[in-house]
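These notes are about the structure you will find just below.
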Amino acid sequence: MSSFAQNASIVLVHGAWADGSCWSNIILPLRQEGLRVICAPIPLTSLTNDIAALERVVERTSGPTVLVGHAYAGAVIAGAKNDRIKSLVYVAALAPAEGETVADVFYRAKPHPEAPHLEPDAHGLIWMPEGGFAHAVAHKASPDQTTISEAVQRPIAVKCIQEKAPVPAWKTKPSWFLLAEEDRMIAPETQCYMAQRMGAKIRTHQVDHSPMYTAPEVVIGVILEAARETLAW
């Protein structure tokens, strides 16, 4: 018997350069706890488009829901509007306030020495350069994992990081923040600043920017903590 409400759901939202498969180590353990799990495919074309895509996925759920966002997707989950969304979980994620852009918070601190140089191509798309996954996005992952991630990456449009964020849901909904102490993409001090500003329950771990690959048990633990507090009977 599940301890969660009927049709309680977890919606997992990928960040830039990724798709739903980045959550492959997270899905089954959550299902085994009695939760419905959906990975929301977002187009990475603009913040507005990505929020709309997430809201369409939330419409597919029927019970209370927790939204989980990695990296860029922190801005996306905060923009979704649905009364069945009960809480938010940020996994080394960005949390712009109303009127801020993703770029405002991403570039708030000096970049890590191993952070990749990012710039858009002629189409306004930002690709992760060669070596970026191995050195910064998932520097604690296996070489096989980073090679696959680089091969299947999806670019993020400049519009995603330049569009001003709407009023964020974390102002009214409980939130959890997995702070990645060894993150080379989003400075840990920036994560701390955002998490404290949100009033989030901060869970700090010695993980890299992509703990879904490198420390899935940590990610699962934070998600289940949020679920037990906000999706229980």
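The values are calculated or read from the model by the stated rules, or taken from the named source; none is laboratory data. All values reported here derive from a predicted model rather than from experimental measurement. Heads up, the Cβs are rebuilt from the backbone with ideal geometry, glycines too, and the neighbour counts pull from every protein chain shown. Quick note on the areas: whole protein, heavy atoms, side chains included, nothing else; ligands and nucleic acids left out. Shrake-Rupley method; radii C 1.70, N 1.55, O 1.52, S 1.80 Å.
Do we find that ASN25 is part of a helix (DSSP H, G or I), within 21 Å of ALA103 (Cα to Cα) and touching a Pro at 6+ places or on another chain (Cβ under 6 Å) in this structure? Here the answer is no, as ASN25 does not meet what is asked. Filtering the range 136-149 to residues that are touching a residue at least 24 places away in the same chain (Cβ under 8 Å) and either among the hydrophobic types (A, V, I, L, M, F, W, C) or crowded, with 21+ Cβ neighbours inside 10 Å (or both) leaves ALA136, VAL137, ALA138, ALA141, SER149. Out of ASN25, ASN7, one residue alone is open to solvent by 10 Å² or more (accessible area, probe 1.4 Å), in contact (Cβ under 8 Å) with a residue 40 or more places away in the chain and in contact with a Ser or Thr (Cβ under 7 Å, 6 or more places away or on another chain). It is ASN7.
Find the residue count for the range 39-60, including only residues that are surrounded by fewer than 18 Cβ atoms within 10 Å (Cβ to Cβ), closer than 26 Å to ARG228 by Cα and of a type outside the set (Lys, Arg). Write out each step before concluding.
Keep residues of the range 39-60 that are surrounded by fewer than 18 Cβ atoms within 10 Å (Cβ to Cβ), which gives 41, 43, 45-46, 48-49, 52, 55-56, 59-60.
Right, trim to closer than 26 Å to ARG228 by Cα and you get 41, 55-56, 59-60.
Okay, now just the ones that are also of a type outside the set (Lys, Arg), so 41, 55, 59.
Number of matching residues: 3.
Yes or no, residue by residue, for (1) open to solvent by less than 70 Å² (accessible area, probe 1.4 Å); (2) over 28 Å from ILE27 (Cβ atoms); (3) without any contact (Cβ under 8 Å) to a residue 40 or more places away in the chain:
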position: GLY79; (1), (2), (3): yes, no, no
position: ALA109; (1), (2), (3): yes, yes, no
position: LEU118; (1), (2), (3): yes, yes, yes
position: ALA151; (1), (2), (3): no, no, yes
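From the list ALA157, ALA136, the one residue that fits, being farther than 27 Å from ALA215 by Cα and hydrophobic (A, V, I, L, M, F, W, C), is ALA157. Only a single item in (1) buried (at least 17 other Cβ atoms within 10 Å of the Cβ); (2) among the hydrophobic types (A, V, I, L, M, F, W, C); (3) not in a helix (DSSP H, G or I) is not met by PHE133, and it is number (3). Within the range 178-197, the set of residues being part of a helix (DSSP H, G or I) and surrounded by fewer than 16 Cβ atoms within 10 Å (Cβ to Cβ) comprises GLU189, CYS192, TYR193, GLN196, ARG197.
Conditions (1) of a type in the set (Lys, Arg); (2) at pLDDT 95 or above; (3) open to solvent by less than 30 Å² (accessible area, probe 1.4 Å); (4) in contact with a strand residue (DSSP E or B) (Cβ under 7 Å, 6 or more places away or on another chain), marked per residue:
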position	(1), (2), (3), (4)
SER3	no, no, no, yes
ARG31	yes, yes, no, yes
LEU67	no, yes, yes, yes
GLY74	no, yes, yes, yes
LEU94	no, yes, yes, no
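VAL167 satisfies every condition listed in (1) surrounded by fewer than 19 Cβ atoms within 10 Å (Cβ to Cβ); (2) part of a strand (DSSP E or B) except (2).
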